[in-house]
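> My structure is below; once you've seen it, I'll send some questions.
The values are calculated or read from the model by the stated rules, or taken from the named source; none is laboratory data. It should be emphasised that the depicted structure is a prediction, and the values quoted were computed from it without experimental measurement. A quick note on method: Cβ atoms are made from the backbone with ideal geometry, for glycine too, and the neighbour counts reach across all protein chains shown. Keep in mind that these areas ignore ligands, DNA and RNA; they rest on the heavy atoms of the full protein, side chains included. Shrake-Rupley method; radii C 1.70, N 1.55, O 1.52, S 1.80 Å.
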Amino acid sequence: MTTNLDFADTAALVTGASRGLGLALARELGRRGARVALVAREAAALAAAVASLRAEGLVAEAIVGDVGDKQAIHPIAHQAAALLGPVDLLIHNASTLGPTPLRLLLDTECEDFERALQVNLLGPFRLSKVIAGAMALRGRGTIVHVSSDAAVEAYPRWGAYGASKAALDHLSRTWAAELEGTGVRVLAVDPGEMDTQMHADAIPEADRASLADPADVARAIAAMVLDPAARSGDRVRAEAWKEGRR
């Protein structure tokens, strides 16, 4: 377990946090002293995730909500503030692949493409829009967008997901440009291929032994957030911040 408390006095909001990288991030930040609000759609899975963190003595709160639903954004932000105080660290981790097996663009339903944009792009935009202003008024805060190599490489059958993540990268850069000088830092991070349910859904034949442990990636992202070398507007690979790499 991490023993340093370099996120003490930090209120962190992590979306898509009931499993995979989101849960690993919540656990890593909590172990480092952060108060963490976990957001996910499924109440039972989220309750189990929060219970597992609390069993370690961590400060964790559950917020049931779908970031792809416009009407859920303000309730998510308001609950986070009520439970933890002003959010200092916002991590946009929630995302959807769309239907699996993944489909060629010619076979992708417009509604499925729209859903990918709602969750992967508009959800982060809306939630940042609610929270970033308060960060700017306080003169501090960090927003992290979890991206993908599919944002920069054109993989057949990954069209909706890849397009949404490419737009998310540019959204991240634009937030950074517009918030320059406010004390709010905005980053995009490519976590790499991880042993998660999402990866298994997308590539069921993948060798799990070749995939990164989400806990290791979470530690790298935490290190990136703490490192002033990660400048606002940067798009980075989590692997660059793994222990011993920097």
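> Of the peptides 219-227, 89-97, how do they stack up when ordered by the mean number of other Cβ atoms within 10 Å, highest first?
Values: 219-227: 20.8, 89-97: 24.7.
Those peptides, ordered most packed to least, come out 89-97, 219-227.
> Here is a follow-up. Along the Cα→Cβ direction, 7 angstrom out, place labels at D227 and A48. What is the inter-label distance in nm?
Going by the 7 Å Cα→Cβ label model, 3.4 nm.
> Percent of accessible area on the chain owned by carbon and sulfur, 1.4 Å probe? Provide the component values of the computation, followed by the final result.
Numbers: 6030 of 11510 Å².
Carbon-and-sulfur percentage of accessible area, whole number: 52.
> So, one more: Report the gain in length on full extension from L105 to A134: 0.36 nm times residue separation, minus Cα-Cα distance, nm rounded to one decimal.
Details: separation 29, 0.36 × 29 = 10.44 nm, distance 3.91 nm.
In short, 6.5 nm is gained.
> Quick one: 3J(HN,Hα) in Hz for region 144-155, Karplus 6.51/-1.76/1.60 with θ = phi - 60°, rounded, Gly and Pro as x.
Ordered by residue, 3J(HN,Hα) equals 10, 9, 7, 9, 6, 5, 5, 6, 10, 10, 8, 9 Hz.
> Only one of the values (i) 0.94; (ii) 1.03; (iii) 1.14 was calculated from this structure for Cα Rg over 2.2 N^0.38 Å; name its label.
(i)
> Using mean Cβ contacts within 10 Å as the protection proxy, how do 211-217, 101-107 order, highest first? Before the final figure, lay out each step's value.
On the way: 211-217: 18.6, 101-107: 12.1.
Ranking, from highest mean packing down: 211-217, 101-107.
> I'd like the Karplus ³J(HN,Hα) series for region 5-11: coefficients 6.51, -1.76, 1.60, θ = phi - 60°, whole numbers in Hz, and an x wherever there's a Gly or Pro.
10, 6, 10, 4, 6, 10, 9
> Would you pull out the residues with amide H under 5 Å of R185's amide H, same chain only if 5 or more places away, H placed 1.01 Å from N?
Those qualifying (amide H under 5 Å, at least 5 residues apart or on another chain) are G141, T142, I143.
> Residue separation times 0.36 nm, minus the C-alpha to C-alpha distance between K70 and D213: what's the value?
On the way: separation 143, 0.36 × 143 = 51.48 nm, distance 3.20 nm.
Length gained between K70 and D213: 48.3 nm.
> Sticking with this one: Return, for the Cα atoms of region 191-246, the radius of gyration and Dmax in Å, separated by a comma.
In order Rg, Dmax, the Cα atoms of region 191-246 give 12.8, 39 Å.
> Another one. Leaving out ligands and nucleic acids, note down the accessible area per residue over region 160-211 with a 1.4 angstrom probe, in whole Å². Write down the numbers at each step before the final one.
Details: 2460 Å² over 52 residues.
Result: 47 Å² of accessible area for each residue.
> Continuing with the same structure: How high is the relative contact order of the chain, in percent, counting Cα pairs under 8 Å that sit 6 or more residues apart? Working shown, then result.
On the way: 497 pairs, mean separation 43.3, N = 246.
Reported relative contact order: 18 percent.
> May I pose another question? Which whole-Hz couplings ³J(HN,Hα) result when phi for each residue of region 33-49 is put into the Karplus expression 6.51 cos²θ - 1.76 cosθ + 1.60, θ = phi - 60°, listed in order with x for Gly and Pro?
x, 6, 8, 10, 9, 9, 10, 7, 7, 8, 4, 5, 5, 5, 4, 5, 5
> Is the C-alpha gyration tensor of region 40-141 telling us rounded, prolate or oblate? Criteria: a/c under 1.5 is rounded; beyond that, a/b larger than b/c is prolate, otherwise oblate.
Values: a/c = 2.65, a/b = 1.44, b/c = 1.84.
Verdict is oblate for region 40-141.
> Also: Ranked from highest to lowest mean number of other Cβ atoms within 10 Å per residue, what is the order of the peptides 185-193, 43-51? Provide the component values of the computation, followed by the final result.
Details: 185-193: 22.7, 43-51: 15.8.
Result, highest mean Cβ count within 10 Å first: 185-193, 43-51.
> Another one. Relative to the longest principal axis of the chain, what angle (0 to 90°, nearest 10) does the C-alpha long axis of helix 73-84 take?
The answer is roughly 30 degrees.
> Extension gain V152-E193, at 0.36 nm per residue separation less the Cα-Cα distance, in nm? It would help to have the intermediate numbers written out before the result.
Details: separation 41, 0.36 × 41 = 14.76 nm, distance 1.42 nm.
The V152-E193 span can extend by a further 13.3 nm.
> May I ask you to give the average projected area over all directions of the convex hull of the Cα atoms of region 2-68, in nm² rounded to one decimal?
Numbers: hull surface 15.8 nm².
With every direction weighted equally, the projected area is 3.9 nm².
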